[in-house]
Ligand code: BJW
């Protein structure tokens with residue numbers, strides 16, 4: 001790939017970077033995206049599965065879908081894209097990863113300083129007490145699972161129409177306002193509020209760089225759009241950075 005020198009120089013000299021990822025980064029690990037050709041929303045209707053209303057009307061169906069996805073994710077490994085992002089954390093003075101992914105692959109690759117802004121598929125939350133626990137069984141036995149208090153458990157993820165976790169959102173928005181570089185990887189840029197982060201970073205003076213296999217609404221805001229697979233481009237970009 002022919003990287004522009006101006007962009008590489010900024011990666012070399014900046015001290016504060018924020019990385020935003022979407023399902024595209026996990027595609028090369030074998031996790032389906034949402035809106036791509038083989039995306040989950042091509043086969044399932046979002047409003048039947050990823051809304052509080054869907055869960056209230058048919059918790060068993062929603063749980064079956066999450067159980068299926070968890071079994072699939074349980075078999076895959078992080079790829080070179082996840083690994084490079086984990087390494088970046090050690091080389092910039094200020095670093096935050098904001099991921100929309102619930103698959104836990106960034107953490108498995110070694111990322112620590114991160115916000116899982118749409119939750120995590122490996123956690124469950126009591127619909128009554130709001131207590132959060134990590135799943136020990138995969139697949140879960142009888143669906144839908146129940147809390148010891150007698151209420152339904154739900155996946156600890158963020159569905160359409162729900163608020164994002166406030167602490168994570170505040171941290172993410174602060175980092176977006178303060179960063180020198182916003183690197184956006186593998187997201188279609190359709191889902192808010194994350195879709196507004198590139199514009200907010202740009203307005204605050206950051207360089208916005210997008211990595212995606214195709215152009216998206218973020219391309220209109222980005223200073224540079226690097227077209228290709230995250231698992232190819234991220235290692236190449238990192239190898240050109242003498243800071244590493
Ligand atoms: C590759 C690649 C490779 C492939 N390398 N790239 C403002 C305006 C309009 C609407 C709203 C608004 N504010 C809020 C809303 C409503 C709503 C929303 O955004 N709707 C839009 C659809 C319009 N947002 C919400 O409801 C959010 N809540 C909220 O804002 O609360 C306050 C509020 C509520 C209501 C009204 C107003 C305010 C919550 C959003 C929760 C999203 N939840 C999901 C499910 C999570 C749990 C689960 O996983 O099951 O999150 S939906 C789904 O989309 C999932 C993802 O995290 C999210 C983003 O998808 P992503 O990751 O971008 O995937 P894709 O498939 O879309 O894109 C993949 C990309 O990768 C593509 O571009 C490929 O090209 C690329 N790619 N292979 C690089 N190898």
key: Tally of residues being touching a helix residue (DSSP H, G or I) at 6+ places or on another chain (Cβ under 6 Å) and either free of Cβ contacts under 8 Å to residues at least 24 places away in the same chain or surrounded by fewer than 19 Cβ atoms within 10 Å (Cβ to Cβ) (or both) across segment 87-113   = 2
ask   = Got at least one residue in segment 175-187 being in contact (Cβ under 8 Å) with a residue 60 or more places away in the chain, touching a strand residue (DSSP E or B) at 6+ places or on another chain (Cβ under 8 Å), in the same structural domain as residue 204 (by TED's automatic domain parsing) and under 24 Å from residue 49 (Cβ atoms)?
value = yes
message = Could you list, ordered by first residue, the pairs with Cβ atoms under 7 Å in which the first is in segment 35-46 and within 14 Å of residue 24 (Cβ to Cβ) and the second is outside any helix (DSSP H, G or I) and more than 7 Å from the ligand (Cβ to nearest atom), at least 6 apart or interchain?
response = 38/32; 39/32; 40/32
ask   = When both residues are 6+ apart or on different chains and their Cβ atoms are under 8 Å apart, which pairs have a first residue that lies in segment 220-232 and is under 19 Å from residue 196 (Cβ atoms), and a second that is part of a helix (DSSP H, G or I) and within 11 Å of the ligand (Cβ to nearest atom)?
value = 225/218; 225/219
inquiry  = I'd like to check something: does segment 29-49 contain any residue that is more than 10 Å from the ligand (Cβ to nearest atom), in contact with a strand residue (DSSP E or B) (Cβ under 6 Å, 6 or more places away or on another chain) and modelled with pLDDT of 95 or more?
reply    = no
query = Residue check, residue 124 against (1) without any contact (Cβ under 8 Å) to a residue 60 or more places away in the chain; (2) under 23 Å from the mean Cα position of the chain (by Cα); (3) in a helix (DSSP H, G or I), all met but one. Which one?
reply = (3)
query = Can you name every residue in segment 81-102 that is away from the ligand (no atom under 11 Å from the Cβ) and part of a helix (DSSP H, G or I)?
reply = 82, 83, 84, 85, 86, 87, 88, 89, 90, 91
query = For segment 127-244, which helices (runs of 4 or more DSSP H) that fit wholly inside it have 3 or more residues that are away from the ligand (no atom under 15 Å from the Cβ) and modelled with pLDDT of 95 or more?
reply = 166-178, 197-203
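The values are calculated or read from the model by the stated rules, or taken from the named source; none is laboratory data. All figures in this text were calculated on a predicted structure; none of them were measured in a lab. Ideal geometry is used to build each Cβ from the backbone, glycine not excepted, and the neighbour counts take in all protein chains shown.
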